[in-house]
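The values are calculated or read from the model by the stated rules, or taken from the named source; none is laboratory data. Please read these numbers as outputs of a predicted model, since none were measured by experiment. Positions of Cβ are backbone-derived with ideal geometry, glycine not excepted, and every protein chain shown enters the neighbour counts. Keep in mind that these areas ignore ligands, DNA and RNA; they rest on the heavy atoms of the full protein, side chains included. Shrake-Rupley method; radii C 1.70, N 1.55, O 1.52, S 1.80 Å.
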Amino acid sequence: MFACGCISCTPYMHVYVFISLTLFYLSLFFFAGDITQKGYEKKRAKLLAAYIPQTQTPGPGADSSPSPDAGPSASTRQHRSHRSGGARDERYRSDIHTEAVQAALAKHKEEKMPMPMPTKRRSAFVQSPMDNCTPPDTSSASEDEGSLRRRQAAVSAVLAQTLQNSEFWINRSIQGSSTSSSASSTLSHGDSSKSHNHIHSQNQTNVLADVLAHTRIESSSVPPDVTSTVPQERNSRVELAPSPAVRGMSRGQSRSSMMDTADGVPVNSRVSTKIQQLLNTLKRPKRPPLSEFFLDDAEQIPDPNTPRPEGRQIIPVKGEPLGVVSNWPPALQAALARWGATQAKSPALTALDITGKPLYTLTYGKLWSRSLKLAYTLLNKLGTKNEPVLKPGDRVALVYPNSDPGMFWVAFYGCLLAEVIPVPIEVPLSQKDAGNQQIGFLLGSCGISLALTSEVCLKGLPKTPSGEILQFKGWPRLRWVVTDTKYLTKPSKDWQPHIPTANSDTAYIEYKASKEGTVMGVAVSKISMLTHCQALTQACNYCEGETLVNVLDFKKDMGLWHGVLTSVMNRIHTISVPYSVMKACPLSWVQRVNVSKARVALVKCRDLHWAMMAHRDQKDINLSSLRMLIVADGANPWSVSSCDAFLNVFQSHGLKPEVICPCASSTEAMTVAIRRPGARGAPLPARAILSMGGLSHGVIRVNTEDKNSALTVQDVGHVMPGALMCIVKPDGPPMLCKTDEIGEIVLNSRAGGTMYYGLPGVTKNTFEVIPVNSGGTPIGEIPFTRTGLLGFVGPGSLVFVVGKTEGLLLVSGRRHNADDLVATALAVEPIKTVYRGRIAVFSVMVFYDERIVMVAEQRPDASEEDSFQWMSRVLQAIDSIHQVGLYCLALVPANTLPKTPLGGIHMCETKQRFLEGSLHPCNILMCPHTCVTNLPKPRQKQPGTLGVGPASIMVGNLVAGKRIAQAAGRELGLIEDQDLSRKALQWRAQSDPDHVLYILLNAKGAAVSTATCLQLHKRAEKITAALLERGGINTGDNVVLLYPPGIDLIASFYGCLYAGCIPVTVRPPHLQNLSATLPTVRMIIDVSKAACILTTQTLMKTLRSKEAAASVNVKTWPTIIDTDDLPRKRPPHIYKPPTAEMLAYLDFSVSTTGMLTGVKISHAAVSALCRSIKLQCELYSSRQVAICLDPYCGLGFVLWCLSSVYSGHQSILIPPMELESSLPLWLSTLSQYKIRDTFCSYSVMELCTKGLGTQTEALKVSVQYTHMFSSVILFTESCVLCSQMRGVNLSCVRSCVVVAEERPRLALTQSFSKLFKDLGLSPRAVSTAFGSRVNLAICLQGTTGPDPSTVYVDMKSLRHDRVRLVERGAPQSLPLMESGTILPGVRVIIVNPETKGPLGDSHLGEIWVNSPHNASGYYTIYGEESLQADHFNTRLSFGEPHTLWARTGYLGFVRRTELLDASGDRHDALFVVGYLDETLELRGLRYHPIDIETSVSRAHRSIAESAVFTWTNLLVVVAELSGSEQEALDLVPLVTNVVLEEHHLIVGVVVIVDPGVIPINSRGEKQRMHLRDSFLADQLDPIYVAYNM
């Protein structure tokens, strides 16, 4: 289990150093452009020519037995040469681990599985050039303080392994330097090709060829197209004209170009190829999940193969007794007073300038006198004598930069002498500093109102334009006090500070950031501070007069405990090396040790690594004076390689192996354990070689089976003197672990923190822990403190630490350490894509489990292909080594990750940005299919051969007390004349000729056209005459009406009826988008077999123009009649249909699934529908109705053209396109005409909500104070809207009906009602109507029925076609609003669409309708006539076999409410859930697109709209980005998260597009199948396409 850690040397290192460095600098010159590639190769060949004979590689049989003189031992071979900017942080370096990663990648390589590369728009995410981008820090630790830039790639002599290795790295750099084409043109990148450079030597050629064979990317063959495997053909989709009120299709789409291909998709589609690649990757076997499905509110099923601890229960470990030394001071202040008086000239602190040279030295005498002045000033000079600003016990903030340790020392000890509590914090540089707000929380919880700082620091703080210190977000208001000597007051002779014996009062507060990002203050008492200094003195054997070099932050942790507190207690001379000095001169701390003969140095692994990189600059360094090299982060498991490498380099400079002393510490418990310096020549401590698989399960196992998953850790010494240590389970009660179990270290000691200041609840869980044994009995009464360190106790009571709870990732019951994952990512070669020291790993909770996210900074010169290859290899390596999948791997641009004050990555802020969608990655790879193994089991539908028929089910429902789900409207009554739709206009022209039926408004609200009954009748007669004279029309011919919304359309309709023709209303083509909209017009004309076209003169010219000829054949138009200038002729006769069942008109529409359908509407159906609407809405001649709908199909056409003529009410027509130039037009019309009833579409309501919603306050003011602003000239857009809506009052509106063929949009209607409530709109006024192709109006909220009801249903049950009502706000609840009151004469029943049997009211089924105004049938369903043959004359399989029903194609349910209808009976409400053909069958469940889209739209503020569809069983989400393209990739993980959380589905493809790309029809309904075809045909021009793996 334990292996020796000895290090051996190499005799020929100087040769390898020279070759490595020379090759390295040649590569630098090549990348910088100083030499050409030809020059590089020439110089390299010349260099190698002299050394090739001396670098012969052994034969195959000599691989396992290297020569004694060949080089360093195995522990030394881990240090290698790398190219510029890519120098590996040796903290994560392990040769064994690197070999394991390479073996895992080689295994994946054999599978030859190409992965689909994300598609990115060429114009998006252009990286800034290298010259304009500052390279970020490249240190690996999360707390590291920056990079060395040029020096970071200089490799030391001992780190060079062999000539072949150096050659290998340079060749990889050269080959990877070229960039390839844009990602959007790349199909896939699979495995490696065998292309490489040739080196003309024998053995070297073979070795390098083998190595280089794995470094290039091989283009795999294109897999078969996925679309070719779909047998059925679907009809071509139709392009819709984008009216100003609604959005159109995406740019540049041409439907005519798609009709010639199978399924509307080109067979060589690049998108479908990538989807096929994605499907291939998903076929790969995944790791078996820990359980077959997740259990709500229950524990997961345990895996029987999980290794379990088998040892005995651990016994608490005691540290050595804390000795009592006679000259130890009673308090730390007393020590300062003693040295200030007796050793005044003894140096206490030396600060360095930016070059690493001594800047000043602070003696103990000066430290004492200045601290005394500051204490006196704080207590006596900040306020008045009677009202001092500070009193003992108050907290003050210490704000000092890392470059000024002297000022901090004075301030800290001045506060101790004044008995105020110092709280050291970092210097705030801007409002955007990561974690700034959390620091404000700390200051607030500590009650701090005063901050001490230096004059230089104060001048550098951000200020307001008036010169005041900026008020940082979340910070309390502070008073800033400058503590420079010139501002301090010398104390009076009779004033002496009060220095009591150390007690339990708080001495200082040290801040600590939790895993969640919360900053808390750990209070350290005076006795704890003193005891800790005594324990450190004993453990480290500190002596008076020693010199200590401190490279750590002196404001907290080890830097404060050793460099500020313990050093003063022992009169140690501290040399502080700040971060800025280390960046300029990374070897400065080693030089200080050499010059000052320092006995102790306090460093991190990062500092060891930097020193190794720069040691070649100094040849005469001597470290023999060091007796103790304290490695502050030695508890990190990956620190062992850094310590070994540093020792290997500097052992020849006098460094003794026994002086390296790693330690473990935490803010709460302070120093936990430290390795004592060993005796000269004593054997080095042992190492533990552990199985990573065992560690993930929390047990200690010797790694004997798989050498690729080993972790070597070093001990951190013994427990601190006077302390008692236990290992307890990190989760749940603090139960003692077993000897072979990993747990959290808890410590009982007087030398630790006492509490989280101001947070008593959190304090109890951390500082007052009492361990219990396996039986749950406490082991004692003394409290322990949780350290946050995970580890175990090894032989000889040595403490081993394997991680921290902060970096612990608990995935599927297994623990993974973030540092381990970083180490694996860094072992993936070549790593020329990202900066090594800029990798963040954290977990996010998604779908009942933690998911691992890795974020790294990408180099500006990295190509898309290189980035994708590195990311995919990292995914494979982590999956193989750690047996866990990465949920998300994101690359962000250089220097964009949030930083800590000392340059490291701010982990909590990074996680927060990821979750809120503000990280702005430039590359991202999601792998939910690999990670999410706890999805519910797919639903298995029962076979239909069980012998239980629909009748048996109905009987069972009746026995169970469930009623059949059916409902009916009130009686329609007898319809006297079923041809009244045609006769009504003639009758009204005779009986009331001057009654105005129609008023057409323009954008300004002015009436541009009116029509009385007589005018409309005469206009219709003229059109009839023109048809009979010019068109040669026969009775029963179809005539297309091609008009913009207006009265001409209505007159032409009745003109056709008078002539015995069948009118077909068609939306005119969009003049600015003829290529996309004219083919739809042509298709309807061809399908309807129209004999003539009635239109305006302008549109007639358009149909025959050259622009139209580019899209359609203009020579084959039917007869076109211009109705703008008609002769004054009357028709010889007016046609009278022989029966009421004759066709009145054809209603053509494009469904949401993209099908063009025309339904036949008879005269009897028109009369029945108009009578039904009249009764429901109580429409009479004296009423006015405002209509803001498109008049081309459905209920919109009926209300526009038929209802007014039938009922006699006046209709005010508002074309929706006019709202584009005048948003308030509709609402101001309602107020001006005092309209009681109005009809609109969802598009109109959405326009008003979004466009006028922000102006409601101004509109309200406008209503109240109209007379005050009558003469004001308004300039801004807001004021223009206010002026247009001045005086608007909507209290007159009794009914506002939204006409649609979909589920009611509850959120939109509620927002509309709420926004315009202040203008008098009643919340009860807004309701919805529902119709379908088979029946244009099934539900419409009337004036006498009950208010629409809203229910909340369980979404999980709904996916199983069940309806279960839940309370509002329940988890997984979906609000549904009633679709309006069922119209008179209409019956509906809920039917199983497969068995055609009626269902109970607890089931979701298809809505069938029986009504006299049902459509007669389909005129045509373009391409699918046979599939819909039974839609209009269908019978139930049992129950009412003689009743004919029409199938609406919509799913819904009926619920009996407590409300009463007009007849006094309980009201049956119909709830529409969704269109049957649009539902998504995934995992055996039924999903409705609108539900998923609602979740997606909530995921991020920049998602304007979304649409979903499926392709080859993959869920595709298309999201419109309303923000900048920089936010595009932020949406990918958020969309994946929200769909997984709320719908238990894994998104296969996420497509980010521009606003307006998702096609929407005239009713505001999404055309998802159009979108699907456009996506598969690669016509969307997406911003980004992510293929989740």
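Applying the selection to segment 1190-1215, what residues are more than 20 Å from Leu1383 (Cα to Cα), touching a Ser or Thr at 6+ places or on another chain (Cβ under 8 Å) and not acidic (Asp, Glu)?
Within segment 1190-1215, Pro1191, Tyr1192, Gln1210, Ser1211, Ile1212, Ile1214 qualify.
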Counted residues in segment 319-334 being within 14 Å of Arg750 (Cβ to Cβ) and either of a type in the set (D, E, K, R) or modelled with pLDDT of 90 or more (or both) come to 3
I'd like the full set of residues that are under 27 Å from the mean Cα position of the chain (by Cα) and open to solvent by 10 Å² or more (accessible area, probe 1.4 Å), limited to segment 436-469.
Asn436, Gln437, Gln438, Ile439, Phe441
Tally time: how many residues in segment 1165-1180 are more than 19 Å from Cys1339 (Cα to Cα) and open to solvent by less than 20 Å² (accessible area, probe 1.4 Å)?
0
Can you list the strands (runs of 3 or more DSSP E) found entirely within segment 496-551 that contain at least 2 residues being closer than 30 Å to Pro586 by Cα and open to solvent by less than 10 Å² (accessible area, probe 1.4 Å)?
547-550
Members of segment 536-563 found to be at negative phi and touching a Ser or Thr at 6+ places or on another chain (Cβ under 7 Å), listed by number:
Leu536, Thr537, Tyr542, Thr547, Leu548, Asn550, Phe554, Met558, Trp561, Gly563
Entirely in segment 1181-1258, the helices (runs of 4 or more DSSP H) that have 3 or more residues that are of a type in the set (S, T, N, Q) and open to solvent by less than 10 Å² (accessible area, probe 1.4 Å):
1203-1207
Considering only segment 407-420, state which residues are of a type in the set (Val, Ile, Thr) and surrounded by 24 or more Cβ atoms within 10 Å (Cβ to Cβ).
Val410
The lone condition Cys888 fails out of (1) closer than 20 Å to Thr119 by Cβ; (2) open to solvent by 10 Å² or more (accessible area, probe 1.4 Å); (3) in contact with a Lys or Arg (Cβ under 8 Å, 6 or more places away or on another chain) is (2)
Those residues of segment 305-319 that are open to solvent by less than 80 Å² (accessible area, probe 1.4 Å) and in a loop (DSSP other than H, G, I, E, B) come to a total of 7
Answer with yes or no whether Asn622 is closer than 16 Å to Phe650 by Cβ, touching a residue at least 12 places away in the same chain (Cβ under 8 Å), open to solvent by 10 Å² or more (accessible area, probe 1.4 Å) and assigned to a loop (DSSP other than H, G, I, E, B).
yes
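Scan segment 579-608 for residues that are open to solvent by 10 Å² or more (accessible area, probe 1.4 Å) and touching a residue at least 40 places away in the same chain (Cβ under 8 Å) and jot them down.
Once the filter is applied, which keeps residues that are open to solvent by 10 Å² or more (accessible area, probe 1.4 Å) and touching a residue at least 40 places away in the same chain (Cβ under 8 Å), segment 579-608 yields Tyr579, Ser580, Lys583, Ala584, Cys585, Gln591, Arg592, Ser596, Lys597, Arg599, Lys604.
One line per residue, one yes/no per condition, for (1) among the polar types (S, T, N, Q); (2) at positive phi:
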| position | (1), (2) |
| --- | --- |
| Ser346 | yes, no |
| Thr355 | yes, no |
| Arg370 | no, no |
| Lys381 | no, no |
| Gly393 | no, yes |
| Pro405 | no, no |
| Phe412 | no, no |
| Glu419 | no, yes |
| Ala434 | no, no |
Return the pair list, or none, for Cβ contacts closer than 7 Å from residues in segment 636-656 that are within 14 Å of Phe800 (Cβ to Cβ) to residues that are in a helix (DSSP H, G or I) and of a type in the set (A, V, I, L, M), at least 6 apart or on different chains.
Trp638/Ala823
Identify, please: which residue in segment 352-396 is of a type in the set (Asp, Glu) and more than 19 Å from Ala411 (Cα to Cα) and is, among those, least open to solvent (accessible area, probe 1.4 Å)?
Asp353
Residues of segment 1300-1319 classified as without any contact (Cβ under 8 Å) to a residue 40 or more places away in the chain and either open to solvent by less than 30 Å² (accessible area, probe 1.4 Å) or under 18 Å from Val1159 (Cβ atoms) (or both), total:
1
Assuming Asp1354 fulfils every condition listed in (1) open to solvent by 30 Å² or more (accessible area, probe 1.4 Å); (2) over 30 Å from Pro1441 (Cβ atoms); (3) among the charged types (D, E, K, R) apart from one, which condition is it?
(1)
All conditions in (1) modelled with pLDDT of 90 or more; (2) open to solvent by less than 10 Å² (accessible area, probe 1.4 Å); (3) not polar (S, T, N, Q) are true of Val828 except (1)
Search segment 1142-1161 for residues being farther than 17 Å from Cys1061 by Cβ and of a type outside the set (S, T, N, Q), and hand back the single one that is modelled with the lowest pLDDT.
Gly1154
Just wondering, is there one or more residues in segment 990-1011 that are among the aliphatic types (A, V, I, L, M), over 46 Å from the mean Cα position of the chain (by Cα) and at pLDDT below 85?
no
Within segment 1375-1398, the count of residues that are touching a helix residue (DSSP H, G or I) at 6+ places or on another chain (Cβ under 8 Å) and at negative phi comes to 12
Is there a residue being under 22 Å from Ser665 (Cα atoms) and in a strand (DSSP E or B) anywhere in segment 772-783?
no
Would you check if there is a residue in segment 859-878 being more than 25 Å from the chain's Cα centre (by Cα) and surrounded by fewer than 24 Cβ atoms within 10 Å (Cβ to Cβ)?
yes
Return the only residue of Thr763, Thr739 being free of Cβ contacts under 8 Å to residues at least 60 places away in the same chain and either out of contact with any His (no Cβ under 6 Å at 6 or more places or on another chain) or at positive phi (or both).
Thr763
Could you tell me whether any residue of segment 844-857 is outside any strand (DSSP E or B) and open to solvent by 20 Å² or more (accessible area, probe 1.4 Å)?
yes
I need the strands (runs of 3 or more DSSP E) fully contained in segment 1323-1400, keeping only those with at least 1 residues that are touching a residue at least 24 places away in the same chain (Cβ under 8 Å) and of a type in the set (Ser, Thr, Tyr).
1326-1330, 1350-1354
Filter segment 1454-1488 for residues that are crowded, with 21+ Cβ neighbours inside 10 Å and not in a strand (DSSP E or B) and give the result.
Glu1478, His1488
